[in-house]
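Reading through the C-alpha cells given below for one structure.
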Amino acid sequence: MSKRKMLMVDHIPVPIGDERNLLEVIRKANIELPTFCYHSEMSIYGACRLCLVEIEGRGLQPACSTLPEEGLVISTNTQQIRAMRRMILELMLANHQGDCPTCVKGGDCQLQQLAHRMGVAKIRFSRVKERLRIDASSPAIIHDPNKCILCGDCVRTCNEIQGVGAIDFAYSGSEFAVAPCFGKNMAQGECVACGQCSLVCPTGALYARPSINEVWAALHDPAKTVVAQIDPAVRIALGEDFNLAAGTIATGQIVSALRRMGFDFVYDTAFAADLMTIELGEEFLERLEKGERLPIITSCCPAWVTFAEQHYPEYLDNLSTCRSPHQMLGALVKNKVTPAKGVKPEDIVVVSIMPCIAKKGEVLRPEFSTGYGRDVDYVLTTLGLSLMIKEAGLNFNQLGQDSFDMPFGFITGAGVIHGNSGGVTEAVARYVSEKVSEKRSDYYVYSNMRNGAELREIKVTLGKNKLNLAVASGLGSVKKLIKKMKKGQAHYDFIEVKACPGGCINGGGQPPGKEKNIKAKRSAGLYDNDKMLQLHKSRENPYIADLYERFLEKPGSQIARKLLHTHYQSKKRVYFDMNNLARQESKQAKLELSICFGTSCLVKGAQGIYSGINQYLNENKSLDKVQINTTFCYEKCSRGPVIRIGEEVIEACTLEIALEEIGRQLK
Amino acid sequence: MNQVSIEDRKNTYEKNSKKIIKRVIICAGTGCVANGALGVYKEFLKEIKKSGQQVVVSLEAEAEGYLVSQSGCQRFCQKGPLVTIFPERIVYCLVKNEDVAEIVEKSLVSNDVVNRLLYKKPGYGTACRTIDDIPFYNRQYRLLLEQCGYIDPEDINEYIACGGYEAAQKACTKLTDLEICRLIQDSGLRGRGGAGFPTGEKWNIARIQFAGRKYIICNGDEGDPGAFIDRSIMEGNPHSVIEGMIIAAKAVGADYGIIYVRKVYSLAVKRTRKAVLDAAEAGILGKNIFGSNINFTIIVVEGAGAFVCGEETALIATIEGKRGMPQPKPPFPVQEGLFGKPTVINNAETLSFIPVIFKIGAEAFRNIGTVSSSGTISFGLTGHVANTGLIEVPFGTTLRHIVNEIAGGVVADDGTVCGINFKAVQIGGPSGGCLTQEHLDLPIDYDSLKEVGAMVGSGGLVVLNKSTCMVEIAQFFMRFARKESCGKCVVCREGTIQMLALLTDIVEGRANLKTLDLLEELANIVQVGSLCGLGKTAPNPVLSTLRYFRDEYIEHVVNKRCPAGKCAALQIGA
C-alpha cells in the first residue's frame, strides 16, 4: 500500500485526499478557516483574503487557491494572520451599513459572526462611501448595496450555477458594485427571482421582500378569514432555524404554531400537489396519445416559467398548463370551496408558506386572479414564517403536533415528494403507470429516479411506449438540457424543471443551510415523510376523488381549466413589435417599418438609412403612407443594420435595398 | 507564394540608399507629434523641393537626393520636435515650421549648422553640434533604443536592412526550442514589466507544457503615469517586438500571438498594426516562416485603458471578453492562460530585447549590467530636472549619474539648476517607492531597489526637488491606486480607499501620531494581503515615504506644519 500524502497544518499531519485546494484540507483538520467568497460548487474567486495562511517558505497564501502539496508546512494562526483578519473585517465594516439590530440578517449575518469571532473590538477607519439607493423594484428580491461586502457569491451563483446572469460586477475601485446590467434595476433585468443569490449572500444585501407585516395585519383583522397553506419543502427545513437537524419533519409543530398565531384554517399544499399530479398526468397522457406538444415540461416552478418566457418562448407550448400547486389551492379556496359556511370569498386571505421567493412575484400575475382579488394574497418564505414564530414568542420545539384542516389537509406521499427535484416525475410516474396498465404497482418502483444529480435522464416503459424522462434542477442545468435538445442530441417525452438546484428543498426562501450535505438531508427528509404516510399515490387520495366528484367533474374539465390551469406569454426582450424607441404615427400608413437603432446597427449606418428613407418618402410625397419606428437592439448585431419592412426582415441592409423593398411593398 | 528573402530585401535597400546625399529624420514620437512634428516633416518636403533638390521619401526604388523620413521617439521629448541630420548627426531642438527653410539651406544644401536650434548646455550655454555632444545622449547606454529614433518604424525594409529578422530566421531555421530557451536563460534577461521574472525560465515552463495550442502575448498596456517605454518601442520599432514574439513562439511552440496595446496609444496601435500586416505580407508571419515548419499569426488587440489590465490574468480576461479582473494564481498563465491554454506574456520592452540578445550574444548581454540584472533598463525621466525624456542605462547605474549627468541636475521651481535642491526620486511609477539622498550612489537593479522599498516597475522615474511635500506625493499616487483598483479583493479596494482617507487627514491637519501607526499597519497588510500585483505594490509610495521621510509626516501630524509649505490647510494663517 502506498503511503498517503501528508501535509502539516498547525503542527498536525493531515492526509491529502482529493481536495481541490488547501482550504478543504485545512477544514478536514477541523479548523474552520474564515472565508466569504469560497463555495465548493463555484469557481474560485480569491477576493475576501480571509483564508490567507502562512506556508513555510512561501509566505502568506490564500488557502482557497493553493493546491495541496505533499510536505507543505502550514500555519493558520499567527500574529500576522490574526492581525490581518481583523484588519480585513475592519475594512469591510468601515463602509458597511451597520444597522445590525434592524437588519433582516441580524443575528444570522456571517460578517457579524466573523467580526465577533475574530475579536474585532473597534473600527479604526471612517466611513468613506456614500449611501446608495436600495433597489426594491422587484416584487421578490430586495438589493441593498450598502450591506454588500462584494464577495461576489451572488454573481457567481447567478452566472455559474443558474446561468441567468441577472447581476454582475460594475464599475471599479471604490465604486465597485454588484448590479443588474446597464444601470437597470432588478425588476427590469433578467432576474427570474429564484433567490439563490440571497441564499449565498453572507450579509443582508440580497433578501426576499418581506410580507410579514401584511400577514400580521390580516391575522389581526377580525373581518378576515386567514387561510395558510404549507409547501412540502417547508416542513423539513423550518426546524433548522430552531436548532433541529436538517431534514427533521416538523409538520405538526408548524400547523400548531400557525393556529396559535391566529390562522383560521391551515391547509397542505401537498394536497394541491396531488391534484396537480393528476392534472399533469392526464395532460401528459393526452399529449402522448395525440403525439403533440412533447416533451411536456412541468410548470410548477415560477422562476422556471419566467425563465422560459424570457429565453425559450419557442417552448412555451410544451409547458404544462397546470398552475403551481399553491395557486391551484388558492383558486379553489377563493372560488366556491370556501373553508366554512358563511365565510365570504372576498373576506378570505390566502397565505402561502413557501421555500420559494419567485412565488412572491408569481402571485402578482394577472392570470392568477380568478374571482376575488388575487388567488393567493401573500407568500411567506420559510424564513419569513420562522421570524413570525419567533416574534410571537412561540417555543417551537415544545409545541404539540397539530393536524391540518380538511378537506385540503389530507395528502399522499406523492404530493410530499414534489419538494424534491425528481419528485414530480416520480409522482406522475406512479399515477400514469397505474392509469395505463390499470394494475396496482408498488409505489417505490420508481425510486431509482432518485440520485440527487441535477441533470438526470430516466427511461421508463409505459404500456407499449418506451419513454424518455428528464429531470433538471438549477437553471444552468436546464440550459444544458435544452441545448442538447435543440442540437437534436436528445429526445424527451417529459421534463421536470426546478429552478433551484436540488428542487424546492433548496429554494431561495429556505434557511441558509449550515450543515454539510444539506440538500441530501432535506431530500431524505421528504422521502422519509413519503414512507411514513399511509398513501403514496395521488389517485388514492380520497379527498381528491371527492373534490372531482362534487366540484371539478374530471381532470381537464372546464372548471378545472379555469381554476387549475394557466397560460404563458413570451417575454423575450427582443422582438420586432417591442422596444420601440420612437414612432412616427401615421393614420393612413399602409406599411410599417422598423429600424434598429442599437449601438451596433447605428455605427453600421442605420442613421443614414433612416434619414435616407425619410428623404425619399418626403420627395415622393408618400411620408404618410409609411409608419417608421426606430427600435432598440434586435440582438442581430453581427448582421446589422437590421430593418423590418412590412413582414420582411432585412439584415445587412443598405439604403438602396431598403428603398427597393419599400417601393415594392408600396405598389 | 513568391516571397522575397530577407537577404534580398536587405541588399535592395542598401543598393537603393547608396545615392542618398543626406538624411533628415524627424522624430514622430507622440511627444514630438503633439508639438507639430508632422507639420515640420511636410515643410521639409516642400522646402527641399523649393531649393531645387530631389526629395526621397522611400527607398523602394533607387533614387538620388535627400531622404526625409520619420522615426519613433528620439527620447529627448522635452526638446521636441527633434530633427536629426545624417551623416553629420546634427540634432536640432524645438524645430518649428518656419525654421525648416533655414535648416535646408544651411545643413542640407551647404554644410553649415543653424546655431540657434542646437541644444545648449544649461548654465554654460555651449551649443552641442551633434548628438554625441549632448550629455543627455552621451551619458546613456544605447542598446535597445539604438534603432528607435533612427529607423522609419513604418518601413519593414529598413528594419531588415539594419539586421532585423535575422535573429528570427536563425531561431526558426537553425535552433531548437530548448536552445533558444537556454540562450535567453543564459543572457539573464528578466521581464521588464515590473516583477523581473527571468524570461528564459518563463519560456521554458511554457515550452514543457503539453497543449494543443499555446499563445504569446505582448503586453503593451503600459498604464503607469510617467512611463512610456513600451509605447515608444511600439511606436518607434514595432518590428523588434514582432521579432521577439516569433522567437518566443518558436521557443515555446506557440502558433498564435496577440499584441495587446492600450487604445489611447493610437500611434502605437497604428504602427504595430501596419508592422504586423507588412510582416505577414513579407512572409515573416503566417505559415512556414522562413521556410521552416513554424506557423505564427499575430493579431493586435486594443486594451480599453484600465491600469489593472496590465496585470497578466486581468489582461487575459479582457481578451476573452470578460471583465478585467485578476484571477488568483496558480494556475499561472504559462500553465493555464488565454482560453485555458499555456500563455507566455512578456511586455513589449522585454520582447524587443530578444533580437538584441541574438545579435550581441548572451554573454555580451550578461556582461552589461549587474550580476542579478543583466542588460540595460529604460526609464521615463521626468520631474524637477533640466532634461526630461526617455533614457536607457545599464543596470548598476547610480541615481546620481542619472540625475546629475543625464538629467542635467535638479532644478528649483523657477527652473534654475541647483544641485542642493535634490530631495527624492520616485521610481517605478505609482507602484514604486521614493528614494532619498542616501540612495544616490546605490547601483540600480531589480534587487537593490526592492531592498530599499522601491521597484523598477514599469520604469517611471520622477525627480523631486526640495519644495515637494512627500505626504502629498504619497497621496497623489494613492489617489491613482484607489481609482485604478479593480475592486475585486477587499484588501486592495478598501485598503486604498482608507489609505487615501488617512493621507488626506494628514495633509488637512486632522491626524495624530496614531494615524501614522494605523496607516503603516494598513499599508503593510495591503502589501502582503492583496490578490494581485497592483494591490501588493499600491502601498509602496506610502511605505517608502514613511520609511525615509517619517520626520516630515511627524511634522504634519504633531506640529501641524508642512515642511515644504505645500499643504494648504497647514499653512500659517490657514
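The values are calculated or read from the model by the stated rules, or taken from the named source; none is laboratory data. None of these values were measured; they are calculated from a predicted model. For neighbour counting, all protein chains shown are included, and Cβ atoms are generated from backbone atoms with ideal geometry for every residue, glycine included.
Against the definition (surrounded by fewer than 20 Cβ atoms within 10 Å (Cβ to Cβ), farther than 30 Å from residue B:7 by Cα and without any contact (Cβ under 8 Å) to a residue 24 or more places away in the chain), how does residue B:322 come out, yes or no?
yes
Give just the number: which of (1) within 14 Å of chain A (Cβ to nearest Cβ); (2) surrounded by fewer than 24 Cβ atoms within 10 Å (Cβ to Cβ) does residue B:420 not satisfy?
So the condition that residue B:420 fails would be (1).
For segment B:557-574, which residues satisfy the criterion of being crowded, with 21+ Cβ neighbours inside 10 Å and either charged (D, E, K, R) or within 19 Å of residue B:479 (Cα to Cα) (or both)?
B:567
Just to be sure I understand, how many residues within segment B:488-534 are under 16 Å from residue A:174 (Cβ atoms) and touching a residue at least 40 places away in the same chain (Cβ under 8 Å)?
Total satisfying the criteria: 9.
Are any of the residues in segment A:561-579 surrounded by 18 or more Cβ atoms within 10 Å (Cβ to Cβ), at pLDDT 85 or above and farther than 30 Å from residue A:166 by Cβ?
Within segment A:561-579, one or more residues are surrounded by 18 or more Cβ atoms within 10 Å (Cβ to Cβ), at pLDDT 85 or above and farther than 30 Å from residue A:166 by Cβ.
Strands (runs of 3 or more DSSP E) wholly in segment B:362-463 with at least 3 residues that are free of Cβ contacts under 8 Å to residues at least 24 places away in the same chain - which ones?
none
Within segment A:429-440, does at least one residue satisfy the condition of being assigned to a strand (DSSP E or B), within 30 Å of residue A:509 (Cβ to Cβ) and of a type in the set (Lys, Arg)?
No, there is no match, as no residue in segment A:429-440 is assigned to a strand (DSSP E or B), within 30 Å of residue A:509 (Cβ to Cβ) and of a type in the set (Lys, Arg).
Do you know which residues across segment B:88-105 are surrounded by 16 or more Cβ atoms within 10 Å (Cβ to Cβ) and within 16 Å of residue B:21 (Cα to Cα)?
Residues satisfying the conditions are B:90, B:103, B:104.
Exactly one condition in (1) modelled with pLDDT of 90 or more; (2) closer than 12 Å to residue B:539 by Cα is not met by residue B:453; state its number.
For residue B:453, the failing item is (1).
Taking segment A:54-89 as the search range and keeping residues that are of a type in the set (Val, Ile, Thr) and within 18 Å of residue B:535 (Cα to Cα), which one is farthest from the other protein chains (Cβ to nearest Cβ)?
A:81
Considering only segment A:110-138, how many residues are surrounded by 20 or more Cβ atoms within 10 Å (Cβ to Cβ), in a loop (DSSP other than H, G, I, E, B) and more than 12 Å from chain B (Cβ to nearest Cβ)?
Final tally of qualifying residues: 1.
Of all residues in segment A:389-404, count the ones that are out of contact with any Asp or Glu (no Cβ under 9 Å at 6 or more places or on another chain) and either buried (at least 19 other Cβ atoms within 10 Å of the Cβ) or part of a loop (DSSP other than H, G, I, E, B) (or both).
Qualifying residue count for the region: 9.
Yes or no, residue by residue, for (1) surrounded by 16 or more Cβ atoms within 10 Å (Cβ to Cβ); (2) of a type outside the set (Ser, Thr, Tyr); (3) within 27 Å of the chain's Cα centre (by Cα); (4) assigned to a loop (DSSP other than H, G, I, E, B):
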position: B:125; (1), (2), (3), (4): no, yes, no, yes
position: B:148; (1), (2), (3), (4): yes, yes, yes, yes
position: B:157; (1), (2), (3), (4): yes, yes, yes, no
position: B:192; (1), (2), (3), (4): yes, yes, yes, yes
position: B:200; (1), (2), (3), (4): yes, yes, yes, no
position: B:211; (1), (2), (3), (4): yes, yes, no, yes
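Quick one: in segment B:509-543, which of the residues that are away from chain A (no Cβ under 13 Å) and on the phi < 0 side of the Ramachandran plot is surrounded by the fewest Cβ atoms within 10 Å (Cβ to Cβ)?
Here the residue is B:513.
For the list (1) closer than 24 Å to residue A:201 by Cα; (2) within 14 Å of another protein chain (Cβ to nearest Cβ); (3) among the β-branched types (Val, Ile, Thr), I need the number of the one condition that residue A:31 fails.
Status for residue A:31: all satisfied but (2).
Take residue B:109 and decide whether it is among the β-branched types (Val, Ile, Thr), surrounded by 24 or more Cβ atoms within 10 Å (Cβ to Cβ) and free of Cβ contacts under 8 Å to residues at least 60 places away in the same chain.
no
Tell me which residues, restricted to segment B:497-508, are within 9 Å of another protein chain (Cβ to nearest Cβ), closer than 13 Å to residue A:124 by Cβ and of a type outside the set (S, T, N, Q).
B:501, B:502, B:505, listed by residue number.
I'd like the residue in segment A:139-155 that is over 27 Å from residue A:40 (Cβ atoms) and outside any loop (DSSP other than H, G, I, E, B) and, out of all such residues, is nearest to the other protein chains (Cβ to nearest Cβ).
A:146
Specify which of the listed residues (B:299, B:294, B:258) is touching a helix residue (DSSP H, G or I) at 6+ places or on another chain (Cβ under 8 Å) and in a loop (DSSP other than H, G, I, E, B).
Selected residue: B:294, the only one of B:299, B:294, B:258 that is touching a helix residue (DSSP H, G or I) at 6+ places or on another chain (Cβ under 8 Å) and in a loop (DSSP other than H, G, I, E, B).
Among residues belonging to segment A:94-109 that are within 14 Å of chain B (Cβ to nearest Cβ) and buried (at least 20 other Cβ atoms within 10 Å of the Cβ), point out the one that is nearest to the chain's Cα centre (by Cα).
Here the answer is A:96.
Give A:194, A:158 a once-over and let me know the one that is more than 14 Å from chain B (Cβ to nearest Cβ), modelled with pLDDT of 95 or more and outside any loop (DSSP other than H, G, I, E, B).
Sole residue among the options that is more than 14 Å from chain B (Cβ to nearest Cβ), modelled with pLDDT of 95 or more and outside any loop (DSSP other than H, G, I, E, B): A:158.
For residues that are in a loop (DSSP other than H, G, I, E, B) and at pLDDT below 95, scanning just segment A:324-340, find the one that is farthest from residue A:570 (Cα to Cα).
Filtering segment A:324-340 for residues that are in a loop (DSSP other than H, G, I, E, B) and at pLDDT below 95, the one farthest from residue A:570 (Cα to Cα) comes out as A:340.
I need the full set of residues from segment A:161-186 which are of a type in the set (Phe, Trp, Tyr) and either assigned to a strand (DSSP E or B) or within 14 Å of chain B (Cβ to nearest Cβ) (or both), in order please.
If the condition is that a residue be of a type in the set (Phe, Trp, Tyr) and either assigned to a strand (DSSP E or B) or within 14 Å of chain B (Cβ to nearest Cβ) (or both), then A:169, A:171, A:176 are the ones that fit.
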